[in-house]
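The values are calculated or read from the model by the stated rules, or taken from the named source; none is laboratory data. Every value quoted in this text rests on a predicted model; they were computed, and no experiment measured them. Here Cβ is always computed from backbone atoms with ideal geometry, including for glycine, and neighbour counts include all displayed protein chains. What goes into the accessible areas is simple: the full protein's heavy atoms, side chains included, and nothing from ligands, DNA or RNA. Shrake-Rupley method; radii C 1.70, N 1.55, O 1.52, S 1.80 Å.
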Amino acid sequence: MQNSKQNIRNLNFPEIKAQFEAMGEKSFRAKQVFEWLWKKNAGTFEEMSNLSKDLREKLEIHFYIDKIVLDDQQISSDKTIKCAFEVEPGKVVEGVLIPTSSRTTACISSQVGCSLSCTFCATGKLKLMRNLTAGEIVDQVVYLRDQAESRYRQTLTNIVYMGMGEPLLNYKNVLRSTEMLTSEEGLGISPRRITVSTAGIAKMIKKLGDDQVKFNLALSLHAANDKKRSQIMEINDSNDLESLREALEYFHEKTGSRVTFEYIIFKDFNDNLEDAQELAAFCRCVPCKINII
């Protein structure tokens, strides 16, 4: 039964090494397995061809690998590839490959569903079912990267955590996934090519600063006064603009990183001159760029 086994991709390298030593295996085998899991993205222990059959059987007894499965895929006329990935029966997340003339971006999910109920977001109409593991997050990137290379002969240049879910409410797995995406043992992608987008959770933005993350941070702003923002984003009731301003200043002080503000224009709601002035005033809190959608 899988429930009696450990998800091996939830273990870091020292933990895998300790497990191997407990099984009487050489420590260098742990490094081989770690590379199979993250650099080569193996989906089964049988694929790990430089391990003995006996060791592969041991791994099969004690562990499992939490691989996602492609459930559906659509390709649009502009070459965008939209994928539905099944993480377990009845639980599906979306990942999207967005190729342009200057970059190729993988937009990935961090949760199955979402708990924040932003009015403009389709995922907000779904209930939160669970967090994705670090492995399930990385799997989306690997699949979309392979699609970019095989279909379009393009290299994946950017990764954005802007799919289903609020990344900062799955903090541990999101950070672990960025670690594996950027490390030499993983995919070796520059952290400056990765952007994590949040609806705005002040204490977790500060934690990103404390952890001195190297990836980019984007804030879904969409209105620069509390009354309007709360109308479309319930999270603003508990994380108002002043608390976000303070958190972003702290984040920038700790990391030196420029912040991106995402601002969707809604007709007759946040598109007048006063809205623009409020946006400009708020965005002066940190070095930034503004993405008008």
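Can you list the trypsin sites (Lys or Arg not before Pro) in the stretch 61-99 that are in a DSSP coil and have 16 or fewer other beta carbons within 10 angstrom? Provide the component values of the computation, followed by the final result.
Values: sites: Lys67, Lys79, Lys82, Lys91; in loops: Lys67, Lys79.
Within the stretch 61-99, the qualifying trypsin sites (Lys or Arg not before Pro) (loop, at most 16 other Cβ atoms within 10 Å) are Lys67, Lys79.
When only Cα pairs below 8 angstrom with a gap of at least 6 residues are kept, the chain shows a relative contact order of 12 percent.
With every protein chain left in place, what is the accessible area per residue of the chain in square angstrom, probe 1.4 Å? Don't jump to the answer; show the numbers that get you there.
Working: 14410 Å² over 293 residues.
Per residue, the chain has an accessible area of 49 Å².
Annotation: lysines with alpha-carbon distance below 23 angstrom to Lys125 (same-chain offsets under eight excluded): Lys82, Lys91, Lys227, Lys228, Lys267. Here the stretch 38-92 is assigned +1 on the Cβ of each Lys and Arg and -1 on the Cβ of each Asp and Glu. Its dipole about the Cα centre then comes out at about 260 debye. Taking Cβ atoms as reference points and 13 Å as the exclusive limit, the residues near Thr155 contribute a net charge of +3, counting Lys and Arg as +1 and Asp and Glu as -1.
Springs between alpha-carbon pairs under 10 angstrom, Gaussian network model over the chain: which of Ser102, Ser243, Ser52 fluctuates most? Largest GNM mean-square fluctuation: Ser102. Taking amide H positions as modeled 1.01 Å from N, with prolines and chain starts lacking one, the residues under 5 Å from Met162 and 5 or more places away or on another chain are Ile108.
As a test of the formula, what do you get for the chain when each DSSP H run with n ≥ 4 contributes -39,500 (n - 2.57) and the sum is divided by the residue count, at 222 nm and rounded to the nearest 500 deg cm²/dmol? List each step's numbers first, then the result.
Values: 9 runs with 105 residues, N = 293.
Taken over the chain, the calculation gives -11000 deg cm²/dmol.
For Lys39, the lysines whose Cα falls under 18 Å of its own Cα, not counting residues fewer than eight places away in the same chain, are Lys17, Lys31, Lys67. In the stretch 131-242, Cα pairs under 8 Å separated by at least six residues give a relative contact order of 21 percent. When each of the peptides 39-51, 105-117, 265-277 is scored by the mean number of other C-beta atoms lying within 10 Å of its residues, the order from highest to lowest reads 105-117, 39-51, 265-277. Packing here is the average count of other Cβ atoms within 10 Å per residue, and on that basis the peptides 280-286, 169-175, highest first, run 169-175, 280-286.
Placing +1 at every Lys and Arg Cβ and -1 at every Asp and Glu Cβ, with all other atoms neutral, what dipole size does the stretch 172-293 have around its Cα centre, in debye to the nearest 20?
Working: 17 positive and 19 negative charges, 77 e Å.
Approximately 380 debye in magnitude.
Since only Ser183, Pro167, Leu219 are under comparison, the one whose Cα sits farthest along the positive direction of the charge dipole of the chain, derived from C-beta charges on Lys, Arg, Asp and Glu, is Ser183.
With unit charges on the beta carbons (Lys and Arg positive, Asp and Glu negative) and the dipole taken about the Cα centre of the stretch 65-104, which residue among Gln73, Ser102, Phe85 sits farthest to the positive side? Working it through, the farthest residue towards the positive pole turns out to be Ser102. Working from label points 7 Å from Cα in the Cα-to-Cβ sense, the Lys127 to Thr157 distance is 4.2 nm. Think of the chain as having a plus end and a minus end, set by charges on the Cβ of Lys, Arg, Asp and Glu; of Thr255, Ser243, Ser150, Ser150 sits farthest toward the positive end of this dipole.
Taking the Cα centre as origin and putting +1 on Lys and Arg beta-carbons and -1 on Asp and Glu beta-carbons, what dipole magnitude results for the chain, to the nearest 20 debye? Before the final figure, lay out each step's value.
Numbers: 39 positive and 40 negative charges, 120 e Å.
Dipole size: approximately 580 debye.
Net charge around Gln277, counting only other residues with Cβ within less than 15 Å of its Cβ (Lys, Arg = +1; Asp, Glu = -1)? Taking every Cβ under 15 Å from that of Gln277, the sum is -2. In plain terms, the chain from Ile293 to Asp226 could stretch by 22.1 nm, reckoned as 0.36 nm per residue minus the Cα-Cα distance. A Gaussian network model of the chain, with springs between Cα atoms under 10 Å, assigns the largest mean-square fluctuation among Met204, Met23, Met162 to Met23.
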